[in-house]
Every structure is written in C-alpha cells, then in structure tokens.
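A short write-up of the structure that comes next.
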Amino acid sequence: MYFIDVQGTLISDADKTPIVGSLEFIRSLNKQNTPYMIVTNNTKKSSYDFYEYLKSLGFEFEFSSYIDPLMILESCVPKESVAAYGSEAFMQTIQKMGYILNYENPKTVLVAIKEDFHADEYAQMIDFLLSGAKLIGMNETSIYAQNAKRYPGVGGILKMLEFSTSSSYKVVGKPSISFYEEALKKLNIQDISAKFNKITMISDDVKGDLGGAKELGMKTIFVTSGKYKTAQEIIPSLKEELRPDEIFANIQEILEQNKRESK
C-alpha cells in the first residue's frame, strides 16, 4: 500500500503535466486493488478543485483516496484573527473557508508557499510572533520548485522564523504526524489492516515528506523527478536513519520494478 506525493512525483513542477509512468502507475494500483492515498501539500486550489484538476490530467482515483492540508486546516487553526501569507490563490481559498484575516494583532501567523516573498513580509511575521502570535505552516516542504528555479519551501521559512524569534511552530500538512495519521484513517477505509509499517511513501521531497514518513516507520522511495536534479544533491547530507530506502529517477522506474517483481 502507498502514500503518493503529487508535485514532482506524479506531475511536473515545470509544466504540471503527468510525469512519465505516473498515469500508468495509478492504473496499475487500481487494477491490482492495491490500497493507496494521494497525499499532496496543495494549498493553491480548494481540495475538490485540485482533485478535479488531477482527474482532468487523466488520473483515475476517487476523492476518498485524496488528502491535502486544506482538508484538516479547520481542525488545526482557529478561523479568527489570522495573518496569512502565501499565493493569491491560497489567500482566496482560506477566505472562502471563513478565515478572518488580521494584520494588526493576529493570534496566528499562517505560512503557505509562494515564489515572491519579500523582506517586509518576513519583518511583519517576526513582529507578530514576538508579540505572541502562534506560528503555523501549511506544510514543511524543504524546497519549492517553480519556473526552473528553486526557492526555500515553507519548511525553510518556518526554520528561519523559529531561529529569529525562538517561536516553535506546528505544521498542518506533510510531514506532520497529524496529517499522516489522518491519511492513515482514510486508507483504513480501503484496508482495515493498514498500518504505517505496511505503507511505502513515494515523494520527491526527501527531507520533508520522506523524513517524516521514515520516522513513523514507513518505507520510503525518493524520486529525482522534482525538486532535486540528482540524489547526490541531497542524500549525502542526510542523517543515515532518514535516508530513503530506494531511489528512482521517476515513477516509471518504480512501475517497471513492480512489474518485474510480479512475474
């Protein structure tokens, strides 16, 4: 059984098209009745809109096999008095969900991803945190890849703010325990025997997604079809216990190995 990332794993960071082998991989899991969850840190579209977008690309799975941080945000962050930072689409989405924005004396600083953060925004976040606001990240992604460039992910920004203000932070999406536990609950509907030690997590984010999965006992597969150009860019710097169990160029290679093993 699987937890499967989306950006950089199933679809390209560059043009958002399906990565080679990704459509076939999902079809093969469906054909074999293999339990799986699509686990994404999407925050730019509403959950159902992003699910429909993936369906429009040719991915064949039910909404019950999908989870993103927006689906559990309300259980993690109160709706009143939030200073939120992220893409315009993210800001529109959370306001539609009923979140009340406050940039004077917020109770929560909520950080999502965008490619054009500027110093004044960081300064504002720091002032709010030093005044007692709580720091929440929509995810803890290490790197954000966009337009052939790599930017600090939400995890990098959270670490910076933590160091600058001595404020601890919590994470809504991957790789938080609460997110993975919610994904496991949904997987249990497909297979009541599902446990973390029976799950293989596939992702291009070896520090964020896979590190957290590894700590929970999941097997981890790192694909270099997204944030990192080669495994050598990141693997040598990781602690031994957090290194992925297997490394592939893309999900097509995983599909081919599964076919060989099934013969």
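State all residues of region 109-121 that are surrounded by fewer than 21 Cβ atoms within 10 Å (Cβ to Cβ) and either free of Cβ contacts under 8 Å to residues at least 40 places away in the same chain or part of a strand (DSSP E or B) (or both); if no residue qualifies, say none. Break it down into steps so the answer makes sense when it comes.
Pass one, region 109-121, residues surrounded by fewer than 21 Cβ atoms within 10 Å (Cβ to Cβ): 114-121.
Hits for region 109-121 are Lys114, Glu115, Asp116, His118, Ala119, Asp120, Glu121.
For region 157-263, which strands (runs of 3 or more DSSP E) that fit wholly inside it have 1 or more residues that are of a type in the set (Phe, Trp, Tyr) and surrounded by 16 or more Cβ atoms within 10 Å (Cβ to Cβ)?
Working: elements: 169-171, 200-203, 219-223, 246-248.
Those strands (runs of 3 or more DSSP E) span 169-171, 219-223, 246-248.
Looking only at region 123-156, which residues are in a helix (DSSP H, G or I) and either free of Cβ contacts under 8 Å to residues at least 40 places away in the same chain or hydrophobic (A, V, I, L, M, F, W, C) (or both)?
Correct list: Ala123, Met125, Ile126, Asp127, Phe128, Leu129, Leu130, Val154, Gly156.
Within region 71-82, is even one residue aliphatic (A, V, I, L, M), within 30 Å of Ser28 (Cα to Cα) and not in a strand (DSSP E or B)? Within region 71-82 (the criterion being aliphatic (A, V, I, L, M), within 30 Å of Ser28 (Cα to Cα) and not in a strand (DSSP E or B)), the answer is yes, since at least one residue qualifies.
Yes or no, residue by residue, for (1) assigned to a loop (DSSP other than H, G, I, E, B); (2) under 26 Å from Ser178 (Cβ atoms); (3) in contact (Cβ under 8 Å) with a residue 60 or more places away in the chain; (4) out of contact with any helix residue (DSSP H, G or I) (no Cβ under 9 Å at 6 or more places or on another chain):
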residue: Thr9; (1), (2), (3), (4): yes, yes, yes, no
residue: Asp15; (1), (2), (3), (4): yes, no, no, yes
residue: Phe25; (1), (2), (3), (4): no, no, yes, no
residue: Thr43; (1), (2), (3), (4): yes, yes, yes, no
residue: Tyr48; (1), (2), (3), (4): no, yes, no, no
residue: Tyr53; (1), (2), (3), (4): no, yes, no, yes
residue: Gly58; (1), (2), (3), (4): yes, no, no, no
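Please specify each residue of region 52-98 satisfying the condition of being among the β-branched types (Val, Ile, Thr), more than 20 Å from Pro175 (Cα to Cα) and under 20 Å from the mean Cα position of the chain (by Cα). Before you say what the answer is, go through the steps one by one.
First pass over region 52-98, keeping only residues among the β-branched types (Val, Ile, Thr): 67, 72, 77, 82, 93-94.
Going one step further and asking which of them are more than 20 Å from Pro175 (Cα to Cα), we end up with 82, 93-94.
Listed by number, the residues that qualify are Thr93, Ile94.
Out of all the residues in region 225-237, is one or more over 20 Å from Ile143 (Cα atoms) and either at pLDDT 90 or above or not assigned by TED's automatic domain parsing to the domain that holds Tyr36 (or both)?
Narrowing region 225-237 to residues over 20 Å from Ile143 (Cα atoms): none.
No, every residue in region 225-237 fails to be over 20 Å from Ile143 (Cα atoms) and either at pLDDT 90 or above or not assigned by TED's automatic domain parsing to the domain that holds Tyr36 (or both).
Checking the stated criteria, Thr93 turns out not to satisfy the condition of being buried (at least 21 other Cβ atoms within 10 Å of the Cβ), touching a residue at least 40 places away in the same chain (Cβ under 8 Å) and part of a loop (DSSP other than H, G, I, E, B).
The values are calculated or read from the model by the stated rules, or taken from the named source; none is laboratory data. This is a predicted model, so every value here is computed, not measured. FYI the Cβ positions are ideal-geometry reconstructions off the backbone, even for glycines, and counts take in every protein chain you see.
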